[in-house]
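Remarks on the structure that follows.
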Amino acid sequence: MFDNILHQPIRSKLIATLISNEELPFKALKEGLELTDGNLSSHLKKLELAQYIIIEKYFEGKRPKTIIKISPKGRDAFKSYIKQLKQFIQEN
Amino acid sequence: MNEKEIVLEQLNTIESSLLDNEKFMPFNYKILIMWGFISAILILSFENIAKLYTVWYAIGYIVIVTTIGFLVEIYIIKKENKKYDIKSFTKLQKFVESNYTFTIVFATALTYVFISNNLAVYAYLSWIFMFGYADFVTGFVVNCKKFTTVGIINISASIAMVTITFIFGIQVIAPYIKYIAVLFLSGSLIYNGLTLKGIEKSV
């Protein structure tokens with residue numbers, strides 16, 4: 001009934017945070033959502049597989065950096081997910 | 001927990017993470033395009049109004065036109081916020097609105113001083129500089145590189161043109177200043193409006 005990828009508290013929170021920002025570094029997301037590296041990575045992987053987010057990895061000097069952006073598909077999915085949630089509440 | 005409770009909790013989680021996030025700012029980029037046209041109209045007409053009538057008339061004209069712009073903007077923002085069940089403005093929206101309001105008020109006051117002293121060129125340059133600075137600050141706060149870049153371009157251009165007037169005199173740029181102002185001020189607003197429209201920072 002609902003989008004399985006988004007119908008999960010951490011992932012919906014993650015997308016809500018990403019939607020408010022042009023892009024966010026992995027570390028900022030981790031701190032903001034108070035998650036461990038592993039936990040955040042596994043949620044990001046699921047969102048990336050669904051093409052809801054874009055993960056960009058690059059080097060700043062010798063340090064690897066990871067930037068996460070929400071994709072247009074992710075925005076649309078989140079929009080319709082909220083719509084579905086609201087509709088469900090109205091109908092029940 | 002039944003399905004309804006789960007859905008309600010999910011909605012609360014989303015809402016709180018959007019609202020708790022001070023960076024949340026539903027925005028319709030059509031507003032920028034609207035301001036682009038308003039600024040072009042003001043730039044191209046207000047000096048003529050000052051010449052035809054008085055400087056006070058021109059200032060009144062700026063105040064009326066910008067007030068109409070703000071009212072339309074508030075209406076669009078409220079409509080946009082409704083989509084997220086936000087009844088008032090978010091903190092970030094309040095900051096951005098105040099930032100531009102103070103800039104307009106100060107730029108209008110400066111315009112009076114410059115026009116009254118036959119220094120219209122500096123009125124236009126001060127608008128380019130101040131709005132460049134407002135864009136620069138907004139870009140940092142809302143985490144939008146395009147605003148910051150446009151801000152830096154406008155700040156640099158206004159400083160460069162002020163320097164030119166100091167070296168070569170006001171006459172060098174006076175005949176073109178209106179068009180320069182339209183290019184930098186209105187152009188940057190319309191450019192941001194069109195390019196950012198595709199990646200609206202809203203749900």
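Read the figures in this text as sums done on the coordinates, not as results from a lab. Fair warning: this is a prediction, and the values are worked out from it, not measured in the lab. Positions of Cβ are generated from backbone atoms using ideal geometry, with glycine treated the same way; all protein chains shown enter the neighbour counts.
Annotations for the structure displayed:
- Computed about its Cα centre, the charge dipole of the stretch A:19-63 is approximately 220 debye, with only Lys, Arg, Asp and Glu carrying charge at their Cβ.
- Comparing mean-square fluctuations of B:SER186, B:SER16, B:SER45 from a GNM of chain B with C-alpha springs under 10 Å, the top value falls on B:SER16.
- Sorting B:151-161, B:122-132 by their mean Cβ neighbour count within 10 Å, with the most densely packed peptide first, gives B:122-132, B:151-161.
- For chain B, the longest principal axis of the Cα atoms and the long axis of helix B:91-116 meet at an angle of about 10 degrees.
- With an a/c value of 1.5 or above and a/b not larger than b/c for the gyration tensor axes a ≥ b ≥ c computed over the alpha-carbon atoms, the stretch B:147-197 is described as oblate.
- Dipole magnitude (debye, nearest 20) for the stretch B:25-158, charges at Cβ of Lys, Arg, Asp, Glu: 460 debye
- Helix axis angle, B:120-141 relative to chain B longest principal axis, alpha carbon, degrees: 20 degrees
- Value at 222 nm in deg cm²/dmol, rounded to 500, when DSSP H runs of n ≥ 4 in chain A each add -39,500 (n - 2.57): -18000 deg cm²/dmol
- On Cα atoms only, tilt of B:187-197 relative to the major axis of chain B in degrees: 10 degrees
- Each stretch of four or more DSSP H residues adds -39500 (n - 2.57); spread over every residue of chain B, this sum gives -26500 deg cm²/dmol at 222 nm.
- Put simply, the amide H of B:TYR29, placed in the peptide plane, has no neighbours under 5 Å, leaving out anything fewer than 5 places away on its chain.
- With a 10 Å cut-off around each Cβ of A:12-18, the average count of Cβ atoms from other chains is 5.
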